[in-house]
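**Q** Following this message is one structure expressed as structure tokens.
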Amino acid sequence: MFKNGEILNNSIKIIDFIGSGGQGEVYKVQYQDALLALKWYYPKSGTKQLKKTLANLISKGSPNDFFLWPLALVEYNNQFGYLMELRPKTYKSLLDWVSLKFDMSLTSISKACFKLTDAFHKLHAKGLSYKDISFGNLFIDPNCGDILICDNDNVTANGINVSGLLGTPKFMAPEIVMGSTIPNTETDQFSLAILLFYILLISHPFDGALEANIKCFDESSLSKLYGTNAIFIYDKLNDVNRPVPGIHNNAINLWKLYPQYIKELFNNTFTLGVKNPAKRTRESQWRNAFLKLYNSLTKCSHCGMENIYDIEVLNTRGKLEPCILCNEEYPIAPRIRINNNVVVLDDEKQLFISHIKKSDPSNLSVIAEVRELNSEFYLTNVSKDIWKYITTSETINILPQQVVNLKDNSMIDFGLVKGEIRF
């Protein structure tokens, strides 16, 4: 629709074409010395109701920084679009993740899932529903686990669906598939759980033996598999839809990797939550679980592979499972207990404000960093506060940017809370 160099309203310069979709086209533009993205609607898509929806979203503002939220409405030659932030090139599509086109550490996975669930927690807290959670709407920076959620122009108040959008096949809640309701926050929660399942297991939670036995994927069979007869592949009471070796290897190999508290949250949503939306895992529950997962990650001292420090396994077996890659047993890194959280102080582990401040559970601002050198563990205070480091023989201050050599049976007083360190 536009050419490079074209100027809209004497203020927005078209820099480059980015891509197109069913609703319109997206361009890289320059506006007031800033590089932004402009989504421009085709005439058939740019309805008065959509313009009203965009104006409402702009006035409400983004739930948090993880949404590529509409910033300003742009009108030109009787058509319209909106400005939003550009997506940096370091972000990869989740479609590429499930196609195995890039790798991602467990640390990045846990952070990405934490941020994803917190983003939708904040969206729903504003009384909004997303309506179309799927592969195509999420981008991840695999280096650090940052996320960006795009296509926010279909977001409306919960229970209102002016666009008629029902969602993406295989991501829709069963009640949407069966036509008994319209998209809402509870159907968002189901779609979110499917997305999380894909991130962790690169599999669909209902694609098992029943899916493998379907000869013709027509509307009737899909409605049954994902709607009227949706059976979780790891349903504890019904094994009829277990993953099939040779077909669903990701689901088989990766399921056993994760701790029971993650599995239980999936079970809640994909068993009881299939027919009873009130039983679905809430965003805050997911967020807490993924912080716990991050806390438990530790590297094998033999091969460097990330493993999970699973306290339940340790209490049951008296030792951890061997490394998931080299199958060797490895020593446990130091741990710090802060309130009810146990954080493995492995090399490159970070502590966040959410670890020490219960009233701010979604804050991943880094306050401390851990490094290992010659089998010694060192913690750096990267906050602006002065802490106290307490050992059996002395108490010293830990100033901002100061490093302490961690010892067994020591303690850090963060001011708000204390953390007990054990080796």
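**Q** Once the Cα atoms of helix 48-60 and of the chain are each reduced to a long axis, what angle between those two axes, in degrees from 0 to 90 to the nearest 10, is obtained?
**A** Taking the Cα atoms of the chain, the angle to 48-60 is about 30 degrees.
**Q** I'd like the distance separating the alpha-carbon centroids of the range 104-137 and the range 159-188, in whole Å.
**A** Centre-to-centre distance over Cα atoms comes out at 17 Å.
**Q** Here's a follow-up. Hey, what number do you get for the chain at 222 nm if only DSSP H runs of n ≥ 4 count, each worth -39500 (n - 2.57), divided across all residues, to the nearest 500?
**A** Computed ellipticity for the chain at 222 nm equals -7000 deg cm²/dmol.
**Q** To the nearest 10 degrees, how steeply does helix 106-125 sit against the main Cα axis of the chain, on a 0 to 90 scale?
**A** Computed tilt is about 50 degrees.
**Q** Estimate the FRET efficiency between residue 272 and residue 395 by the formula 1/(1 + (r/R0)^6), using the beta-carbon distance for r and 56 Å for R0, to the nearest 0.05. Could the numbers behind the result be given before it?
**A** Values: r = 50 Å, r/R0 = 0.90.
Computed FRET efficiency for residue 272 and residue 395 comes out at 0.65.
**Q** Unpartnered cysteines of the chain (Cβ-Cβ under 4.7 Å counts as a partner)?
**A** Cys with no partner Cβ under 4.7 Å: 113, 144, 150, 216.
**Q** Let me ask something else about it. Quick one: grab the alpha carbon gyration tensor of the range 7-85, order the square roots of its eigenvalues as a ≥ b ≥ c, and give me rounded if a/c is under 1.5, else prolate or oblate depending on whether a/b is larger than b/c.
**A** On the way: a/c = 1.42, a/b = 1.05, b/c = 1.34.
In terms of gyration-tensor shape, rounded.
**Q** Let me ask something else. Eight or more residues apart or on different chains, and alpha-carbon atoms under 30 Å: count the Lys pairs in the range 260-384 matching that.
**A** Value for the range 260-384: 28.
**Q** So, one more: For the chain, find the longest principal axis of its Cα atoms and tell me its angle to the long axis of helix 185-201, 0 to 90°, nearest 10.
**A** On a 0 to 90 degree scale, this one is about 60.
**Q** When you count, for each residue, the other Cβ atoms within 10 Å and take the mean per peptide, how do 242-251, 194-203 rank with the highest first?
**A** Values: 242-251: 16.1, 194-203: 21.4.
Highest-to-lowest ranking by the protection proxy: 194-203, 242-251.
**Q** If we sort 173-181, 396-404 on the protection proxy, mean other Cβ atoms within 10 Å, highest first, what's the order?
**A** Numbers: 173-181: 17.8, 396-404: 14.0.
Ranked from most to least packed, the peptides come out as 173-181, 396-404.
**Q** Related question: Order the peptides 302-310, 323-331, 204-212 from the highest to the lowest mean number of other Cβ atoms within 10 Å of their residues. Write down the numbers at each step before the final one.
**A** On the way: 302-310: 16.9, 323-331: 13.8, 204-212: 20.2.
Order by mean packing, descending: 204-212, 302-310, 323-331.
**Q** In addition: Apply the a/c threshold of 1.5 to the C-alpha gyration tensor of the range 333-422 and tell me whether it is rounded, prolate or oblate. Walk me through the numbers before you get to the answer.
**A** Numbers: a/c = 1.38, a/b = 1.26, b/c = 1.09.
Judged from the Cα gyration tensor, the range 333-422 comes out rounded (a/c under 1.5).
**Q** For Rg/Rh (Cα atoms, Kirkwood Rh), which listed value, (i) 0.95; (ii) 1.10; (iii) 1.01, comes from the coordinates shown?
**A** (iii)
**Q** Once amide H atoms are built 1.01 Å from N in the peptide plane, which residues 5 or more positions from residue 146, or in another chain, come under 5 Å H to H?
**A** When sequence neighbours closer than 5 places are left aside, the close amide H contacts are 141.
**Q** Right, here's the next one. Does anything in the range 346-373 have its amide N under 19 Å from the 7 Å Cα→Cβ label point of residue 386, and if so which residues?
**A** Label zone hits: 368.
**Q** Can you tell me which of 258, 294, 130 moves the most in a GNM of the chain? Springs connect C-alpha atoms under 10 Å apart.
**A** Of the options given, 258 has the highest mean-square fluctuation.
Every read-out reported here was derived from the displayed coordinates using simple, explicitly stated rules and does not represent laboratory data. What you see is a predicted model; the values in this text were computed from it and never measured. For neighbour counting, all protein chains shown are included, and Cβ atoms are generated from backbone atoms with ideal geometry for every residue, glycine included.
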